[in-house]
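Quick notes on the structure that follows.
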Amino acid sequence: MSLLTKTIISQLLVCVAAVAQRATFSAQNVTAQSVGSSGGWQRVYKVEVDRTKNTSANLSNFPVLLSGTSANFKGATYGGPVTSMNGYDIVVAADAACTTPVPWGVESWNPSAGTWKAHVLATSLNGSSAASNTSLYVCIGNSAIVGKQNVGPYAEANVYDTNYKMVLHMADNAANNTVTDATANAANGANSVNTSSRTATGQINGAMSYAGTSSDSTDFGIPAGLGLYSSAFAMEFWFNAASTGDSIIMGNGVYNGSGIGYVAFFSATFQCVYNTASSSGAAIIALPPTGSWHHYACVGGGGHVKVYLDGALALDQLDSNATAFHNADANHWYIGRWVAAASFYYSGLLDEVRLTLNTTRSSDWIADEVANQALPGDIGSPNYLIWTVVK
């Protein structure tokens, strides 16, 4: 073989490798030319947030729960259009052409049943007084997609604003004890036992079960962002209590001491205990019923501590000291037990636990969260969400 022939073959091999590399990159990126103009997608849904289900206020950077059931969410093995065994070719976008992705995180996908749940960033959520609904698009089934798409700016961590210090879907179900935080803080917790032995059916998807014993609690250490003081806080969660005996649901505080505080059942009442820069307080409401799902939120800031139950304001407690809350960055954050001692264990289920610092979540925010998560609706059964086939 001549030197000229060897040179030509070598150059051809380089060209082939370069073309292959570009093809791989193109297939792994949602903005590739094969994706544009809905090309390559087998099904596209428009998902509207029914603004009449929201309060009147328009909200920014709101995490919306999308929930859909359809044969169109089934994997190819089960006769559906989703070609990726990991569900990578289910993408959320801001446009019907599927060229402008938005941040999203998949909480669950069942390729045989055709069910899919995801948390998605709505940069603008229209309230009931707006002229139109907020719209998102779910794009399904594209053989050009071979890699995970919600990465970088579209990663689930970007669904949540920086004031969220912890977001726990509580759907962990594995042969390890990790309870996963969805925010960029990665404030993962260590459960007392493997999550696979404590998983249960939740309000949204999966839930974590706590038995009210020393073998059932979750330690989150010291989550990132817990400095000495915060101007505001919000502790939120869905709960299904088996017992309302004295027990700590979540928190990092000791009354009249360190930490933001905690939410607990105590002395036949439901309490949100908080520590300000100069004092302590407790926002107290009546005990909730056991054996059913309810949403709870305790929100402090601006001289008020407010308690919401199932999205409705249950208590507005004036406290002039409620403008700076003591965080105690040396305190661990616990679910299911007291921070000061291994005691007061919670018995029941928990789902979608959220901790916010340095912003006061409004009554509109809390109410819209509950409306979305309590009754999201489904394909063919509109409620908070309205699904329409675009392609």
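The values are calculated or read from the model by the stated rules, or taken from the named source; none is laboratory data. Keep in mind the model is a prediction, meaning the values are calculated, not measured. In this analysis, Cβ positions are derived from the backbone assuming ideal geometry, glycine residues included, and neighbour counts consider all displayed protein chains.
Of the strands (runs of 3 or more DSSP E) contained entirely in region 230-272, those carrying at least 2 residues that are without any contact (Cβ under 8 Å) to a residue 60 or more places away in the chain fall at 261-266. Which strands (runs of 3 or more DSSP E) sit wholly inside region 100-199 and have at least 3 residues that are in contact with a Lys or Arg (Cβ under 8 Å, 6 or more places away or on another chain) and touching a residue at least 60 places away in the same chain (Cβ under 8 Å)? It comes to 134-140, 164-168.
Checking region 278-289 against the condition returns no match, with no residue being surrounded by fewer than 23 Cβ atoms within 10 Å (Cβ to Cβ) and at positive phi. I need the full set of residues from region 293-345 which are more than 25 Å from the chain's Cα centre (by Cα) and assigned to a strand (DSSP E or B), in order please. Matches in region 293-345: HIS304, LEU315, ASP316, GLN317, LEU318, HIS326.
Residues checked against (1) under 16 Å from TYR160 (Cα atoms); (2) among the polar types (S, T, N, Q); (3) surrounded by 21 or more Cβ atoms within 10 Å (Cβ to Cβ):
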site	(1), (2), (3)
TYR346	no, no, yes
THR359	yes, yes, no
ASP364	no, no, no
GLU369	yes, no, yes
GLY377	no, no, no
SER381	no, yes, no
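Filtering ALA264, ALA282, ALA314, ALA371 for residues that are touching a helix residue (DSSP H, G or I) at 6+ places or on another chain (Cβ under 9 Å) and either within 26 Å of THR201 (Cβ to Cβ) or modelled with pLDDT of 95 or more (or both) leaves a single hit, ALA371. Checked against (1) touching a Phe, Trp or Tyr at 6+ places or on another chain (Cβ under 9 Å); (2) at positive phi, TRP109 passes all but a single condition, namely (2). Collect the residues in region 372-391 that are in a loop (DSSP other than H, G, I, E, B), of a type in the set (Gly, Ala, Ser) and under 19 Å from the mean Cα position of the chain (by Cα), keeping them in residue-number order. Passing the criteria: only GLY377. Scanning region 48-99 for residues that are closer than 21 Å to ALA130 by Cα, assigned to a strand (DSSP E or B) and in contact with a helix residue (DSSP H, G or I) (Cβ under 8 Å, 6 or more places away or on another chain) turns up VAL49, LEU59, PHE62, PRO63, VAL64, LEU65.
Each row is one residue, and each column tells you yes or no for (1) touching a Gly at 6+ places or on another chain (Cβ under 8 Å); (2) within 19 Å of LEU313 (Cβ to Cβ).
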residue: SER247; (1), (2): yes, no
residue: ALA264; (1), (2): yes, no
residue: THR269; (1), (2): no, yes
residue: TYR274; (1), (2): yes, yes
residue: SER279; (1), (2): no, no
residue: ALA282; (1), (2): no, yes
residue: ALA286; (1), (2): no, yes
residue: TYR296; (1), (2): no, yes
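Would you be able to say whether some residue in region 262-282 is in contact with an Asp or Glu (Cβ under 9 Å, 6 or more places away or on another chain) and under 19 Å from ASP351 (Cβ atoms)? So far as region 262-282 goes, yes, one or more of its residues are in contact with an Asp or Glu (Cβ under 9 Å, 6 or more places away or on another chain) and under 19 Å from ASP351 (Cβ atoms).
Assessment of region 324-336 against the conditions (surrounded by fewer than 17 Cβ atoms within 10 Å (Cβ to Cβ), over 28 Å from THR55 (Cβ atoms) and among the acidic types (Asp, Glu)) yields at least one matching residue.
For region 142-156, the candidate set comprises residues that are of a type in the set (Val, Ile, Thr) and surrounded by fewer than 19 Cβ atoms within 10 Å (Cβ to Cβ); within that set, the residue that is farthest from ASN72 (Cα to Cα) is VAL151. What about VAL353, is it in a strand (DSSP E or B), closer than 27 Å to ASN54 by Cβ and among the hydrophobic types (A, V, I, L, M, F, W, C)? It is true that VAL353 is in a strand (DSSP E or B), closer than 27 Å to ASN54 by Cβ and among the hydrophobic types (A, V, I, L, M, F, W, C).
Identify all residues within region 309-326 that are under 19 Å from ALA371 (Cα atoms) and in contact (Cβ under 8 Å) with a residue 60 or more places away in the chain; write none if there are none.
ASP310, GLY311
Considering only residues that are over 26 Å from TRP238 (Cβ atoms) and either in contact with a strand residue (DSSP E or B) (Cβ under 9 Å, 6 or more places away or on another chain) or free of Cβ contacts under 8 Å to residues at least 60 places away in the same chain (or both), which ones fall in region 329-341? Result: ALA341, single match.
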